[in-house]
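Working notes, structure below.
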Amino acid sequence: MSQPYRVLVTGSRDWDNDQAVRHAIAAAVLENAPQDAPVVLVHGACPRGADAHAATWAAFAAADGRRPVTGEAHPADWEQHGKAAGFRRNAHMVQLGADICLAFIRNGSRGASHTAALAEKAGIPTRRYTA
């Protein structure tokens, strides 16, 4: 079995197009992941928006059983880091590494835009979707 194919999803809390998220993840996996590679879907664990859509995709894909899929949630620690928590969490997800970053940016979302820029700087191929 190949190394896990890591997909980093970042996005706006108010990204409401779940179909766009599902299609983008599926396309990234189908186009790029080795056929025998398990998929790890990394996301920021926000209960709404792009993170929630990504978590739902991971759960359905794992249940589907065509290939091993694991969701890797990274919730921000708002109590410890205050307003910087989201940015710190996003930087940590990028530092963990990914094979691709999918950024769903609505209304110029600072967090998603920042994460996409960090991923690009780290050499992670990044696809930006805007609304």
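Of the strands (runs of 3 or more DSSP E) lying entirely inside the stretch 34-131, those carrying at least 1 residues that are crowded, with 17+ Cβ neighbours inside 10 Å, free of Cβ contacts under 8 Å to residues at least 40 places away in the same chain and in contact with a helix residue (DSSP H, G or I) (Cβ under 8 Å, 6 or more places away or on another chain) are 39-43, 69-73, 126-130.
Pick from A59, A55: which is more than 11 Å from the chain's Cα centre (by Cα) and within 24 Å of M1 (Cα to Cα)?
Result: A59 is the single residue among A59, A55 that is more than 11 Å from the chain's Cα centre (by Cα) and within 24 Å of M1 (Cα to Cα).
Conditions tested, residue by residue: (1) within 28 Å of G108 (Cβ to Cβ); (2) in contact with a strand residue (DSSP E or B) (Cβ under 7 Å, 6 or more places away or on another chain).
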| residue | (1), (2) |
| --- | --- |
| V9 | yes, yes |
| Q19 | yes, no |
| A61 | no, yes |
| F87 | yes, no |
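Throughout, read-outs are computed from the coordinates displayed, never taken from laboratory work. Quick caveat, the model's predicted, so the values are computed rather than measured. Methodologically, a virtual Cβ is constructed for each residue, glycine included, from the backbone with ideal geometry; neighbour enumeration extends over all protein chains shown.
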